[in-house]
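Participant: First the structure, which I've put down as structure tokens, then a few questions once you've had a look.
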Amino acid sequence: PICLSALSSLLTERMALMRDVAAYKAKHHLPVEDIVREQNVLLQARSNAHEAGLEPQSVEPFISALMNAGKAIQYRYLADWLPRPESFVTHRDLAGIRQRINELDKHLLLTISQRLRAGTLSYTDRAVLAEKTVAPNLTEAEKDNLLDTMRFIQHAPQAPDTGKV
Ligand SMILES: C=C(O[C@@H]1C=C(C(=O)O)C=C[C@H]1O)C(=O)O
């Protein structure tokens, strides 16, 4: 259960940051989708997965689901702000927010790796996670997608110990 609450707070914090990302982009007239950044997030995730003992390919659908949810949340904020342009104030800069997102993604994969040592996620775990993970503008469909792709994540096979030094 410890791992599950850590997981849901990491997910919730990542989703909550999307408000600041959207506000920064609105202020600077930047598009929501940033393909170069997305490629970096995926590359970083593969390397974090490897370090956490996970199969790098198996984390890709989960990371893509995180980014899809992130973009959808931002689009909803921008739509909500259209009639009230004064409401999108942020003092944070994008580089700082992205640094925090990098940390969160790394911790997410480490926590998932730890949790998988206790066995695969059960339906109860999934329900607990779904209930605990609540963020503004995150829909149930996006949450389902996150939890479905999380179940796809696998540990990397252990390197055989040859006994040689
Ligand atoms: C969060 C951002 O917006 C989008 C979502 C991303 C994510 O969830 O990591 C990455 C790039 C963008 O397409 C961002 O630009 O940093």
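Just so you know, all these numbers are worked out from the coordinates, no wet-lab data involved. The model shown is predicted, which means the values in this text are computed figures rather than measured ones. All Cβ positions, even for glycine, are placed from backbone atoms using ideal geometry, and neighbour counts span all protein chains on display.
Participant: Taking the Cα centre as origin and putting +1 on Lys and Arg beta-carbons and -1 on Asp and Glu beta-carbons, what dipole magnitude results for segment 43-85, to the nearest 20 debye?
Facilitator: That gives segment 43-85 a dipole magnitude of about 280 debye.
Participant: Give me the log10 of I(q) over I(0) for the chain at q = 0.11, 0.19, 0.20 Å⁻¹, as the Debye formula computes it from C-alpha points; what are the numbers?
Facilitator: Per q value, in the given order, log10 I(q)/I(0) is -0.47, -1.22, -1.32.
Participant: Considering only lysines 8 or more places apart in sequence, or on different chains, count the pairs in the chain whose C-alpha atoms sit under 26 Å apart.
Facilitator: Close lysine pairs under the 26 Å cut-off: 10.
Participant: Moving to a separate point now. What is the angle, in °, between the Cα long axis of helix 94-117 and the longest principal axis of the Cα atoms in the chain? Nearest 10 is fine, range 0 to 90.
Facilitator: That works out to roughly 30 degrees.
Participant: Right, another one. Which cross-chain or sequence-distant (5 or more) residues have an amide H under 5 Å from the amide H of His155, H modelled 1.01 Å from N in plane?
Facilitator: Glu55
Participant: Something else: With θ set to phi - 60° and the Karplus curve 6.51 cos²θ - 1.76 cosθ + 1.60, what are the ³J(HN,Hα) couplings of segment 73-90 in order, to the nearest whole Hz, using x for Gly and Pro?
Facilitator: Each residue's phi maps through the Karplus curve to give 4, 4, 4, 5, 4, 4, 5, 5, 7, 3, x, 9, x, 6, 7, 9, 8, 8 Hz.
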